[in-house]
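Before any comments, here is the structure.
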Amino acid sequence: MVTKLNICNLALAQLGQSPLTALNEDTERARRLNLFYEPVRDELLRTHNWRFASAENALIRVDIPAPAPDFVYKYPAQALFVRRVFHANAVQQSLPFSEFFDESTQQRVLRVPAAAARAQYTRRITDESIFDPGFVKAFSLALACDLAVTLTADSQLAGQLWTKYQLALEEARRSNMMENFQQISSHDAFTEVR
């Protein structure tokens with residue numbers, strides 16, 4: 001099972017560093033990994049519509065005035081990136097939407113021209129056991145890239161890791177898209193047989 005420690009140790013291995021036994025070690029490596037881990041993870045989750053991080057839910061209306069014909073909704077709590085908004089009764093038709101911060105309620109909200117809307121979004125995943133293997137590889141390389149100069153003072157290594165990261169990310173995205181396509185194709189075939 002993949003854990004935060006596993007991912008951090010994969011990043012350290014890419015840097016030619018010895019593994020950590022725990023993330024609460026009193027070392028510069030552990031402090032840096034803990035500092036970079038969540039921002040790098042969330043940034044990588046936002047880069048693609050990862051199947052394991054996809055969610056769809058009804059949006060919750062907020063009582064904030066909006067110019068007609070718009071309605072205001074809460075930004076989904078676990079959403080890192082809202083990819084699509086649609087009317088609850090017309091799933092195939094995407095709706096235009098805008099995101100903004102409402103000063104009066106101190107929250108992120110969405111403005112949508114529909115009284116009943118749903119959203120598809122990428123959610124923040126904190127359970128590493130859910131991560132796709134390709135995502136794990138790309139994530140560990142992204143961490144290694146961000147830490148290369150700090151932990152090794154080797155800018156050439158940072159450049160090499162950046163190239164490896166780009167290739168790993170491209171492959172992970174391609175695998176994810178193929179998996180999504182196969183799921184859709186299987187669903188369509190099943191639907192046609194019925």
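Numbers below:
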{"item": "Counted residues, region 134-165 - those being more than 23 Å from LEU80 (Cβ to Cβ) and not in a loop (DSSP other than H, G, I, E, B)", "result": "14"}
{"item": "Residue ID - farthest from ALA148 (Cα to Cα), chosen from residues in region 3-29 that are crowded, with 18+ Cβ neighbours inside 10 Å and of a type outside the set (S, T, N, Q)", "result": "ILE7"}
{"item": "Residue within region 142-154 that is surrounded by 14 or more Cβ atoms within 10 Å (Cβ to Cβ) and closer than 22 Å to ASN176 by Cα present", "result": "yes"}
{"item": "Restricting region 30-77 to residues that are of a type in the set (Gly, Ala, Ser) and more than 14 Å from GLN120 (Cβ to Cβ), the residue that is surrounded by the fewest Cβ atoms within 10 Å (Cβ to Cβ)", "result": "ALA68"}
{"item": "In region 10-59, the residues that are of a type in the set (A, V, I, L, M, F, W, C) and more than 21 Å from the chain's Cα centre (by Cα)", "result": "LEU12, ALA13, LEU15, LEU20, ALA22, LEU23, ALA30"}
{"item": "Any pair with Cβ under 8 angstrom, 6 or more apart, that starts in region 117-133 at a residue that is in a loop (DSSP other than H, G, I, E, B) and ends at one that is hydroxyl-bearing (Ser, Thr, Tyr)", "result": "ASP132/SER175"}
{"item": "Matching residues, region 1-40, being among the polar types (S, T, N, Q) and not in a helix (DSSP H, G or I)", "result": "THR3, GLN17, SER18, THR21, ASN24, THR27"}
{"item": "Any hit, region 168-184, residues being at pLDDT below 95 and more than 17 Å from ASN49 (Cα to Cα)", "result": "no"}
{"item": "Residue selected from region 72-119 under the condition hydroxyl-bearing (Ser, Thr, Tyr) and over 19 Å from the mean Cα position of the chain (by Cα), by the criterion farthest from PHE52 (Cα to Cα)", "result": "SER104"}
{"item": "Every pair of residues 6+ apart whose Cβ atoms lie under 8 Å, when the first sits in region 34-51 and is without any contact (Cβ under 8 Å) to a residue 12 or more places away in the chain while the second is in a loop (DSSP other than H, G, I, E, B)", "result": "ASN34/LEU23"}
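The values are calculated or read from the model by the stated rules, or taken from the named source; none is laboratory data. If you're wondering where the values come from, they're calculated on a predicted model, not measured in any experiment. Reconstructed Cβ throughout: ideal geometry from the backbone, glycine too, with neighbour counts over all protein chains shown.
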